Amino acid sequence: MPAQNNYPEIILSVDQINLSFGGVKALEDINFDIRKKEIFAIIGPNGAGKTSMLNVINGFYHPQHGEIRFKGLHRKQMRPHEAAVQGIARTFQNVALFKGMTTLNNIMSGRNLKMKSNIFWQALYYGPARKEEMENREVVEYIIDFLEIQSIRRTPVGKLPYGLQKRVELGRALAMEPDLLLLDEPMAGMNIEEKQDMCRFILDINEQFGTTIVLIEHDMSVVMDLSERMIVLDYGRKIAEGNPDEIRSNQKVIDAYLGVAHSN
Amino acid sequence: MTEKASKKDNVFDTIPKLMLHHARERGNSPANRQKELGIWNSWTWNQVADEVKSLALGLASLGFQRGEKLAVIGNNRPRLYWSMVATQVLGGIPVPLYQDSVAEEMLYVLENADVKYAIVQNQEQTDKLLEIKERLPKLEHICYEEPRGMRNYSKEFIHYYKDIQENGKIFQDDNPDFFLSEIEKSHGNDIAIFLYTSGTTGAPKGVVLTFNNLIISSRNGIKFDSLTSEEEVLAYLPMAWVGDNIFSFGQAYVAGYCVNCPENRETVTTDLKEIGPTYYFAPPAIYENVLTKVMIRMEDAGRLKRIMFKYFMDLAKSVGIRILDGKTVSIKDRLLYKTGNFLVYGPLLNNLGLSRTRLAYTAGEAIGPEIFEFFRSLGINIKQLYGQTEATVFVCAQPDGEVKADTVGKAYPGVELRLSDNNEVFYRGPGVFHSYYKSPEATAETKDSEGWVATGDAGFFDDDGHLKIIDRAKDVGRMKDGTMFAPKYIENKLKFFPYIKEVVAFGNEKIFASALICIDIEAVGNWAEKRNLAYSGYTDLSARKEVYDLVQDCVESVNTDLARDEKLRGSQIRRYLLLHKELDADDGEITRTRKVRRSTISDKYSELIDALDDLQQTHREIESEMTFEDGRVGNVKADLQIRELNLV
């Protein structure tokens, strides 16, 4: 992935984001910056607004107030496919793959944005389309090798165990060669060994491709080990921001997790 | 040797010389293939020679001296095989290690072998070496093949494979004659490799093999099985194992055939399909796995397919094996077999990746007769061989057309066999190892001054001169009438029946043989279900008369088998009982790897064994302790019937 040095150090800044559904305030005055090439975590109890935050970043939800600045560009409203073109890729809390398609084809679908030839040539599989297909296939094979999923290359995804499906989904996100990768609970429902593998992949992606990673995760030990900085959300508000040590000793965070009577 | 070595054989007496020979003779034929990024990459003999050259010279520029040892650790990969050749070019000794070993296990071998250099596959193996490096003062350089994850390893003693090769190219410019003159310095009597035996008892021993061991054994094997330079093999068994060093290394360098390396260890089944090896090797467990998978998939298949499969497999069992052995078969049967080949056997073999397989070997342990027959009936010439690291694999093998499920064949070309008084097998031949490294006592214990090697296995020859291995020599006893009693041989025969899970046979110093048998609750449970036989649990089921009858059929068929051998006739099982509980590792009756602890069982069930010996007793009550899954201990009471058989 090409290094892009012409952007400021901050890759994404979130400014005064307010999001509500009817009368429910999902996010209230959220501010934070994500630095280039860091692993950034969003944590918080259930219903704190973590997934809503990710959905705002990649354009699924449109906040009522506030602004997002990605790679120096202001965005108030951005649709998901625009976010994808801009270089934001994500995985989902519940796996969202094409179950009947093979691992290879699922990851290949992540290359769709990079393909330029029109449907006519693609249908004929001739000329530019063929060359393009081969180039993209090479990228996909590199990802398959990277994620060590060669043995399931031609297996329909629906037949795979959950842990491997998550890995395929990560592969599809990687196939977009994103600058910013959003991972929504990448380790949910995995056993320890699968979690360790996933941690290693996340670190390797960050290190090898220089991808900035934003991750939501419930497993605190994982978050504290992986991420350099994090914010903590509770009831749609940001209650803390900092590195793992600061968060660990923050009284508000301890209260949020242990549960303290809330006064509005 | 079977015949005088020709002049040519003397010239190509080391692996590097053979490599140069093939580069001249068939420089553009593939020597290695490896699947990378979904594509099979191949290297011709010419390219292999170049790769080995630059690596060897690169090692030389690091200061590699003749006689130094280089460890090779990783999955089967062309670059690791080249590392072994490059070491041999420089007069060094490669020491392949089992890639699954943990660091502590590697420590012993690396230390014992005085390893100074290591070429490893990846970060995982590098990390293992770094973990123990402080305790290995002799280990000076580590070279890795896959750069992934290695960015932050900046220590000066860690090198990237391709960087070493680049240095080698520079070295070549300064020393243009070095490569060839180094190769010329080695000869057949020089040490080619150290292979560490896995060491089930005590520490592993480094078996020292010479080039003559490797090359003459390979050459004899090639002649024996008429292998050519056109063979394709898939190298997937550990590089530290002697078999891989013959099938994917020695024989490949002698015959000049192509060795294919899988993408990684999980992809072996798909890679097998894509390569379609002509010459294949696997331990019995893999064949058994394949058979089980086929059977399970057939149960889920449609009715028509099931009927077709059953019809043609029955046909194959009677006709296919006869065709393979070159016996007479009627024209009608031949035609039917051809049809079956078109409809069933062909597609099935293709799916298994075995459609081009001309020759397959199995070794290591006894293979179930029905597994053996399954593959032979499909037209795959699967044969058994008997070998050891100390023999450079080959001691015995089955010649074409003389294949039996229960022997390991005749003495290999060039190998002499003899049996000692207690039926232990001794051999002597071109593959006999040089010595155990740094252990002259152990060498002398195993190999006598005339070159005879003790195998520790007991066996005998059948009427056709085939060797049958029956047990470890130390476990073989004698019955009161002097008949040889080999418990494991009898137990294995019984365990091949799906209904029988474990057997412990007794007969040493007894008048007749008897057995404690544990049924396989799943198989017998299914069988009972199909017959509407209600039961409450293991103890209940195993006490049923119907189940006793079922097991009696198995025992009788084993007895019939035993009766065919004059030497084993007297060891037929006369009385048996079905144990009321499964043998369990929690109770100390078997090991965690499911090996029966004979002495524990003899103690624990001594009253049952006595009752088996006493012809007056027809049943015996027993109360025994049993550890439940949650760790609690309880007592189980049962009244066990003893069944007596009429001997053949």
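Structure notes:
- Residue tally, condition over 20 Å from residue B:98 (Cβ atoms), part of a loop (DSSP other than H, G, I, E, B) and touching a residue at least 40 places away in the same chain (Cβ under 8 Å), over the stretch B:213-237: 5
- All of A:98, A:60 fail the test of being in a loop (DSSP other than H, G, I, E, B) and exposed (fewer than 15 other Cβ atoms within 10 Å of the Cβ), apart from A:98.
- Residue match in the stretch B:266-276 (condition: modelled with pLDDT of 90 or more and more than 13 Å from chain A (Cβ to nearest Cβ)): yes
- Residue list for the stretch A:114-141, filter: free of Cβ contacts under 8 Å to residues at least 24 places away in the same chain, of a type in the set (D, E, K, R) and within 25 Å of residue A:86 (Cβ to Cβ): A:116, A:132, A:133, A:135, A:138
- Hits in the stretch A:110-163 (condition: aliphatic (A, V, I, L, M) and either in contact with a Cys (Cβ under 6 Å, 6 or more places away or on another chain) or away from chain B (no Cβ under 11 Å) (or both)): A:113, A:115, A:119, A:123, A:124, A:129, A:147, A:157, A:160
- In the stretch B:372-432, counting only strands (runs of 3 or more DSSP E) that sit wholly within it, the ones holding 3 or more residues that are farther than 26 Å from residue B:356 by Cβ and not basic (Lys, Arg) span B:416-419, B:424-428.
- With respect to the conditions (1) surrounded by fewer than 22 Cβ atoms within 10 Å (Cβ to Cβ); (2) touching a Gly at 6+ places or on another chain (Cβ under 9 Å), residue B:174 lacks only one, and its number is (2).
- Residue within the stretch A:67-75 that is touching a strand residue (DSSP E or B) at 6+ places or on another chain (Cβ under 8 Å), at positive phi and not in a strand (DSSP E or B) present: yes
- Residues of the stretch A:153-185 that are farther than 19 Å from residue A:84 by Cα and either surrounded by 24 or more Cβ atoms within 10 Å (Cβ to Cβ) or of a type in the set (D, E, K, R) (or both): A:153, A:154, A:159, A:166, A:167, A:185.
- Verdict on residue A:245 being free of Cβ contacts under 8 Å to residues at least 60 places away in the same chain and over 25 Å from residue A:148 (Cα atoms): yes
- Near pairs, Cβ below 8 angstrom, 6+ apart or cross-chain, from the stretch B:579-605 (within 20 Å of residue B:643 (Cα to Cα) and touching a residue at least 60 places away in the same chain (Cβ under 8 Å)) to any residue that is basic (Lys, Arg) and surrounded by fewer than 13 Cβ atoms within 10 Å (Cβ to Cβ): none
- Residues of the stretch B:470-488 satisfying the condition of being in a helix (DSSP H, G or I) and farther than 21 Å from residue B:578 by Cβ: B:473, B:474, B:475
- Conditions (1) more than 29 Å from residue B:146 (Cβ to Cβ); (2) under 21 Å from the mean Cα position of the chain (by Cα): number failed by residue B:186: (2)
- Any hit, the stretch B:214-225, residues being touching a Lys or Arg at 6+ places or on another chain (Cβ under 9 Å) and under 30 Å from residue B:22 (Cα atoms): yes
Listed here are the residues, each with its yes/no results for (1) in contact (Cβ under 8 Å) with a residue 12 or more places away in the chain; (2) within 26 Å of the chain's Cα centre (by Cα); (3) more than 23 Å from residue B:550 (Cβ to Cβ).
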{"site": "B:474", "(1), (2), (3)": "yes, yes, yes"}
{"site": "B:486", "(1), (2), (3)": "yes, yes, yes"}
{"site": "B:492", "(1), (2), (3)": "yes, yes, no"}
{"site": "B:499", "(1), (2), (3)": "yes, yes, no"}
{"site": "B:510", "(1), (2), (3)": "yes, no, yes"}
{"site": "B:515", "(1), (2), (3)": "yes, no, no"}
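- For the stretch B:234-291, taking the residues that are in contact with a Ser or Thr (Cβ under 9 Å, 6 or more places away or on another chain) and of a type in the set (Asp, Glu), the one that is farthest from residue B:377 (Cα to Cα) is identified as B:263.
- Scope the stretch B:14-61; condition within 14 Å of chain A (Cβ to nearest Cβ), over 20 Å from residue B:246 (Cα atoms) and touching an Asp or Glu at 6+ places or on another chain (Cβ under 8 Å); matching residues: B:35, B:36, B:37, B:38, B:39, B:40
- Those helices (runs of 4 or more DSSP H) lying entirely in the stretch A:190-249 with at least 1 residues of a type in the set (Val, Ile, Thr), within 14 Å of another protein chain (Cβ to nearest Cβ) and closer than 27 Å to residue A:172 by Cα: A:192-209
- For the condition more than 16 Å from residue A:93 (Cβ to Cβ), of a type in the set (Asp, Glu) and surrounded by fewer than 17 Cβ atoms within 10 Å (Cβ to Cβ), residue A:234 does not qualify.
- Hits in the stretch A:144-163 - residues which are assigned to a helix (DSSP H, G or I) and farther than 19 Å from residue A:89 by Cα: A:145, A:150, A:151, A:152, A:157, A:158, A:159, A:162, A:163
- Given (1) over 24 Å from residue A:100 (Cβ atoms); (2) without any contact (Cβ under 8 Å) to a residue 40 or more places away in the chain; (3) away from chain B (no Cβ under 14 Å), number of the condition residue A:185 does not satisfy: (2)
- Conditions (1) at pLDDT 95 or above; (2) farther than 26 Å from residue B:252 by Cα; (3) surrounded by 22 or more Cβ atoms within 10 Å (Cβ to Cβ); number of the one not met by residue B:59: (2)
- The stretch A:196-235, subset in contact with an Asp or Glu (Cβ under 7 Å, 6 or more places away or on another chain) and among the charged types (D, E, K, R), residue farthest from residue A:20 (Cα to Cα): A:228
The values are calculated or read from the model by the stated rules, or taken from the named source; none is laboratory data. All figures in this text were calculated on a predicted structure; none of them were measured in a lab. Please note: Cβ atoms are built from the backbone with ideal geometry, for glycine as well, and neighbour counts cover all protein chains shown.
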